[in-house]
Structure formats: C-alpha cells, structure tokens
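Below you'll find the structure, written out as structure tokens, and then a few comments.
The values are calculated or read from the model by the stated rules, or taken from the named source; none is laboratory data. Everything numeric in this text was worked out from a predicted model, so none of it was measured. For neighbour counting, all protein chains shown are included, and Cβ atoms are generated from backbone atoms with ideal geometry for every residue, glycine included.
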Amino acid sequence: MEISSEKNTITSSQYKICVSGAAKVDHCGAEVETIARQLGREIAQQGAVLVDGATSGFPLFASQGAKEVGGVVIGFSPAATKHQHEHMYRLPTQYHDVIIYTGFGYSGRDIILTQSSDAVIIGCGRIGTFHEFTTAFEDRRPIGVLEGAWATHEIIKDIISKARGEHISIAFDSDPGKLVKKVIALIKEHRLERETEQDALNEIRDLSSQ
C-alpha cells in the first residue's frame, strides 16, 4: 500500500467512483486528456472519491484532474508490490493518495476494482475496459458511459442490446459533469433498492423465527 504525504480524509459517506479507460489513448482523439481530466475534477468536486486501476492513459489523466482540485484518488494495482508495479508492469504512482497492490494481475485486479466501487464510469477504452464494464454489469453496479470521439460507448450500447441483461442502472452523456451527476443519482437509487431488499429479508427472518 502506498500512501501519499497529503492529509486527505475519506469519509464513509463519500461515494467511490471508478474510472475505467485505456492505458494507451492513441485511438481516443486529440481532446482525450482534457476530457479525462475534466471528468476527474467533476468526480472530486461533486464530493466523490476517484478509484482507478493505478494505470496510465485515461484513468491517470482523470486522477490528475481530481488531484488538481484537492480530490482523493485510490488505485488498485495488478502488481503484488510497489517494485513490481513500477518495474514489471511499468505503471505510474503519481496522482494517487493510496495504491493497493492486489497481486492478482490485470483480470483479478479488475474484479476487486469494480467491487470496491459504488459505480464505474467508462471512458475511451480497449479490452481491459470492456472487462471492467462487463464485470460491473454482471454485478449490477451503477455504470456511467462517457461519449466522445471514440467508439467505446457505441460498442457498449451494442453489447447491452444483444446481451439482453436486466441491468438498468446505466447512464450515457458526453458532458463529464452531467455524467457524474447522473451516476451519483444512480448510486443513491441503487443504495435505496439494496436497503429495501435488506429490510424485506430482515422481515422474513423475523417472521420465520416467531
């Protein structure tokens, strides 16, 4: 675990929003860094903690944006140690308050990353991004999809239409601020649904114990 010297505090009431996107952004358009940094700033300014895969490219730009406005960033690395993270995976450590070294490789890291988050926002991505999307989709996590000069959002729409899943907590928008606002609304709805389900289970247990 890598902890920065900044004394940022994370409260239990803060939502944790994962940013998923490509480590290499050559196919993402000329404005991808500006857009990703804006997304990170919006996550921080709207009161959430940014979570990412402690990688380069789109997620790193978003993390940089969050740190520019005093936000908190937590990374989940595929590596087992900081040395492995930097020298074997050749991944960055800057713009993070905490990096958790999972030791589970990329695919295992993706599962821990999405399950540790209240929601996932998808930016311009490649195969790893789609893995994180499908993991979040299967786990019924709220998902935001950032539309832009890339094909990721169109591919995701195609996956949704053909998968015929029942996941309805998905928002699309090309404006980072509006998308974050939509995602936070989905998180609140999701938490309320889970609380209602838990209340129903508790009532059934109470009745069965009588």
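Within the range 90-130, restricting attention to residues that are under 22 Å from His27 (Cβ atoms) and among the β-branched types (Val, Ile, Thr), the residue that is surrounded by the most Cβ atoms within 10 Å (Cβ to Cβ) is Ile121. Mind counting the residues in the range 153-180 that are hydroxyl-bearing (Ser, Thr, Tyr) and either touching a residue at least 60 places away in the same chain (Cβ under 8 Å) or out of contact with any strand residue (DSSP E or B) (no Cβ under 9 Å at 6 or more places or on another chain) (or both)? Looking only at that region, the number is 1. For His131, the conditions (1) outside any helix (DSSP H, G or I); (2) closer than 20 Å to Ala23 by Cβ all hold with the exception of (1). Regarding Ala36, is this residue touching a strand residue (DSSP E or B) at 6+ places or on another chain (Cβ under 6 Å) and either surrounded by 22 or more Cβ atoms within 10 Å (Cβ to Cβ) or in a helix (DSSP H, G or I) (or both)? Criteria not met by Ala36. When Val73 is tested against (1) of a type in the set (A, V, I, L, M, F, W, C); (2) more than 21 Å from Phe104 (Cβ to Cβ); (3) crowded, with 24+ Cβ neighbours inside 10 Å, exactly one condition is not met: (2).
Can you confirm whether the range 163-172 contains a residue that is under 16 Å from the mean Cα position of the chain (by Cα) and closer than 18 Å to Gly57 by Cβ? So far as the range 163-172 goes, no, none of its residues is under 16 Å from the mean Cα position of the chain (by Cα) and closer than 18 Å to Gly57 by Cβ. Checking every residue in the range 82-89 against the condition of being buried (at least 23 other Cβ atoms within 10 Å of the Cβ) and in contact (Cβ under 8 Å) with a residue 40 or more places away in the chain gives zero matches. Which residue is nearest to Gly148 (Cα to Cα), if the candidates are limited to the range 5-33 and must be β-branched (Val, Ile, Thr) and modelled with pLDDT of 95 or more? Among residues in the range 5-33 that are β-branched (Val, Ile, Thr) and modelled with pLDDT of 95 or more, the one nearest to Gly148 (Cα to Cα) is Val32. In the range 147-190, which residues are in a helix (DSSP H, G or I) and among the small types (Gly, Ala, Ser)? Correct list: Ser161, Ala163, Gly177, Ala185.
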